[in-house]
Amino acid sequence: MSTRAQIPVTTTQFDYFACVGGLNLVSPELAKKPGTLIDCSNFECELTGGYRRIGGYERFDGRARPSDQNYYTIAASVTSDIAVGDMLSGATSLATASVIVAAAAGSSTIVVAKLSGGPFVIGEALRVASVQVGTAIGPSISGGAPTVVLDAAWKHLAASAHRADIQAVPGSGPIRGVWMYRGVVYAFRDNATGTGKGMWRATPAGWTAVSLGSTLAYTSGTAIINDGDTVTGANSGASGVVLRVANSTGSWSSGSPSSGRIVLSSVSGTFQAGEALRVGGAPQAVAGNAQVATTLAPGGRYEFRNENFYGQSDTMRMYGVDGVNNAFEFDGSAYVPIVTGMNPDAPSHLEIHKRYLWLSFRGSLQHSSVGDPYSFSVITGAAEIATGADIVALASQIGDQTTAALLVVCRNRTYTVYGSSNADFVLMPTAPDIGAMPYTLQNLPLAIMLDDRGIVQAAASQNFGNFDSSTISQLVQPIIEQQRGKAVGSSIVRGRNQYRVFFDDGSGLILSFTGRKLLGITAVNYGRKVLCPISEEDSGGIERRFFGGDNGMVYEDDRGTSFDGADIEYYAKLAFNTQKSPRVRKRYRKAVLELRPDGYGEMSLTQDLQYTDAFIATPDEQRIAVDPPTTYWDTTNWDSVSWDARTIAPVRLELFGTGDNLALQIYGKTPYTAPFTLQSAIIHYTPRRHDR
């Protein structure tokens with residue numbers, strides 16, 4: 001019997017890990033959990049696990065979304081070359097369309113977008129500038145690409161054709177503010193000469209100017225003037241239609257006559273100071289001066305809120321401040337400047353709390369009378385609180401009628417206003433050394449903000465005081481330090497429970513939560529400065545997100561597969577994984593990645609061994625294409641489904657080399673790759689010897 005030592009048999013082993021945890025840029029390499037990231041761009045953590053490639057964004061002005069548009073194919077006998085951008089017309093149907101793919105003579109298919117008056121019909125002559133270029137041998141149909149990659153590419157080209165129609169907000173300079181009110185998007189931008197500013201409404205025809213009307217000061221109001229009344233000056237004969245009456249002091253029904261401002265439209269003539277203001281011939285009040293056209297000074301940065309102070313189903317209104325003009329209220333037609341008496345009367349931040357409108361003027365915090373955003377008179381219950389430092393954000397914190405509080409954040413300190421009314425409001429210091437960068441505070445549902453030391457998640461208002469333990473961005477501290485002082489805005493994504501903060505180079509961080517627990521942080525780069533980002537629900541209850549550009553464009557976020565037509569460059573590099581054997585060399589053989597695609601995608605996969613050891617050759621990248629998922633059998637038309645439907649696409653990557661650890665990276669750069677989720681990975685490997 002042989003006593004020779006037997007060579008142990010080694011078999012291929014499998015190591016599974018989920019892709020969760022987000023970026024970890026600070027922990028020791030061996031302490032990083034498998035599935036976390038050591039580098040990424042344009043991914044986000046999914047609530048259900050995995051890393052999702054973010055959606056794109058596209059310009060917006062109220063017209064049809066480019067990403068919703070499709071291309072059309074026409075089976076044809078092409079007799080002359082047809083160029084991209086040519087306008088094709090049908091001699092019989094009178095249909096017209098824009099060519100998006102060049103077609104040489106002899107081609108059998110023409111690809112178009114922006115079809116109008118169609119469809120094209122069989123047998124008709126096809127013309128470009130009255131010259132016949134072919135004959136249709138089939139009708140125009142929506143879609144029709146022979147492969148999924150051409151389908152994705154042609155959809156992108158169709159979107160680009162429609163994108164060219166969408167215009168910037170008229171004016172000059174960057175977008176000053178974007179907001180959604182009652183399902184309509186509004187934007188503010190300086191005028192063409194930079195001497196004023198306009199308010200614009202998005203419509204199916206593009207941006208249309210909003211008339212700000214005129215205001216007429218009044219005193220000695222003894223009989224109610226209602227919205228819709230026509231007021232006439234007893235001496236001047238001037239007249240105007242009342243859009244809104246903003247009572248500042250007094251009362252129509254008390255012994256103290258009302259005074260305030262009347263917002264007018266359709267004004268004829270000029271009112272005179274001291275003349276009686278009549279409605280239907282009866283004097284109701286006295287004009288304080290001639291009416292003044294409402295105009296906006298240029299510059300500033302807007303904040304907005306939607307709130308209903310008046311309790312009726314149709315009295316939800318929009319409130320805004322910009323730091324250079326009066327605060328305002330808007331109901332879709334009446335723009336009402338809110339006069340507080342401050343000099344200058346130009347609040348920078350606002351909040352609605354306990355049915356009071358709160359405004360900040362540098363270090364002065366003021367609130368209106370309860371339930372009356374027009375009145376800032378001490379006589380009617382308004383008040384002022386000094387903070388001793390410039391306020392950069394206000395946020396009402398959740399709670400009941402006694403515990404809900406107002407967070408007042410300055411640049412380097414934080415206060416909380418406790419109390420239920422002006423009778424007991426009190427400002428208390430919360431964190432004397434924690435503050436926030438301007439425009440980085442959001443509620444999700446509790447306050448999250450970017451401070452010098454990192455991103456802070458506030459505790460419930462009654463427990464404020466220990467913010468050090470609430471700094472939640474330690475794992476991306478190198479990015480925080482690199483971008484210190486460069487934040488330009490923030491927003492939330494309600495549907496994904498995310499906080500997003502953006503920097504002046506177009507980059508940003510996404511913090512994803514489940515409840516109040518942080519799932520992970522990822523990095524993005526939009527390729528342009530993200531200004532005034534917002535998230536609001538439209539009239540159908542669907543969350544929509546928008547932001548402004550320094551080129552005057554408004555963009556809708558998470559739309560389409562490109563960055564307004566440009567490539568989305570994305571990558572995710574997973575942490576080096578030792579398969580729980582950091583001192584055992586392993587022959588790596590295969591990786592199987594589980595992807596959940598939303599549509600067609602292209603990407604490349606690469607591997608790194610031994611912490612990217614320069615002495616170990618790196619194999620060439622492996623390029624892959626992922627087809628769109630097929631349909632679940634019970635979610636759509638019974639006859640159009642695939643019974644072997646697949647929503648997960650396993651991607652196999654051949655691995656090469658031997659080492660102690662392995663890192664995988666996924667990379668792509670196209671304008672037509674749809675979002676997808678990298679869910680997990682399985683590594684096939686064979687253990688070798690221990691390191692000596």
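Read-outs: derived from the displayed coordinates by stated rules, not from any lab. Nothing here was measured: the structure is a model prediction, and the numbers come from that model. Ideal geometry is used to build each Cβ from the backbone, glycine not excepted, and the neighbour counts take in all protein chains shown.
For the peptides 196-204, 25-33, the ranking by packing is 196-204, 25-33, with the highest mean count of neighbouring Cβ atoms within 10 Å listed first.
In segment 439-523, the inverse of the mean reciprocal separation of distinct Cα atoms equals 12.9 Å; this is its Kirkwood hydrodynamic radius. Here segment 126-155 and segment 23-60 have alpha carbon centers that stand 40 Å from each other. Near Thr96: Cβ cut-off under 13 Å, other residues only, Lys/Arg at +1 and Asp/Glu at -1. The net charge is 0. In order along segment 266-279, phi translates into HN-Hα couplings of 6, 6, 10, x, 10, 5, 10, 4, x, 7, 5, 9, 10, 10 Hz, rounded to whole numbers, per the Karplus curve 6.51 cos²θ - 1.76 cosθ + 1.60 with θ = phi - 60° and x for Gly and Pro.
Here the contact order of segment 302-436, divided by its residue count and restricted to Cα pairs under 8 Å and six or more residues apart, works out to 14 percent. Tell me the relative contact order for the chain as a rounded percent, counting alpha carbon contacts under 8 Å between residues six or more apart. Averaging sequence separation for qualifying contacts and normalising by length gives 15 percent for the chain. The local environment of Phe43, defined by Cβ-Cβ distances under 11 Å, has a net charge of 0 under the rule Lys, Arg +1 and Asp, Glu -1. Quick one: helix 148-163 against the long Cα principal axis of the chain, what's the angle to the nearest 10°, folded into 0 to 90? Between helix and principal axis, roughly 20 degrees. Quick one: of Lys517/Lys580; Lys33/Lys517; Lys486/Lys529; Lys33/Lys586, which pairs are farther than 23 Å apart, Cα to Cα? Pairs exceeding the cut-off: Lys517/Lys580. Using 11 Å as the cut-off for backbone N distance, which residues of segment 48-79 belong to the label zone defined by a point 7 Å from the Cα of Gln132 along Cα→Cβ? Counting only backbone N, you get 79. Histogrammed with a bin width of 10 Å, the alpha carbon distances of segment 214-293 distribute as 23, 61, 15, 0 percent, first bin at zero. Charge tally for Val26 (other residues, Cβ to Cβ under 12 Å; Lys, Arg +1; Asp, Glu -1): -1. Each residue, Ala164 and Glu481, gets one label point 7 Å from its Cα in the Cβ direction; the gap between the two is 4.9 nm.
On the basis of the beta-carbon distance and an R0 of 56 Å, Thr195 and Arg689 show a calculated FRET efficiency of 0.15.
Here's how it looks for Met199: its modeled amide H is under 5 Å from those of Val210, which are all 5 or more places away or on a different chain.
Between segment 540-600 and segment 409-431, the alpha-carbon centres lie 41 Å apart. Each part gets one Cα centre, and for segment 216-261 versus segment 179-208 those centres are 29 Å apart. Across segment 315-400, the fraction of Cα-Cα pairs farther apart than 18 Å, rounded to a whole number, is 39%.
Remark: spin-label model distance Ile141-Thr618 equals 4.5 nm, labels positioned 7 Å along the Cα→Cβ axis.
The radius of gyration of the Cα set in the chain, together with its Dmax, comes out at 31.2, 128 angstrom. With helices as the sole contributors, the chain gives -1000 deg cm²/dmol at 222 nm; each DSSP H run of n ≥ 4 counts as -39500 (n - 2.57), and the sum is divided by every residue.
Averaging the sequence gap over all C-alpha pairs within less than 8 Å and six or more residues apart, then dividing by the number of residues, gives segment 439-523 a relative contact order of 22 percent. Convert 10 °C to kelvin, take the viscosity as 1.306 mPa s, use the Kirkwood radius over C-alpha pairs of segment 147-231 as Rh, and evaluate the Stokes-Einstein diffusion coefficient in µm²/s, rounded to a whole number. The estimated diffusion coefficient comes to 94 µm²/s.
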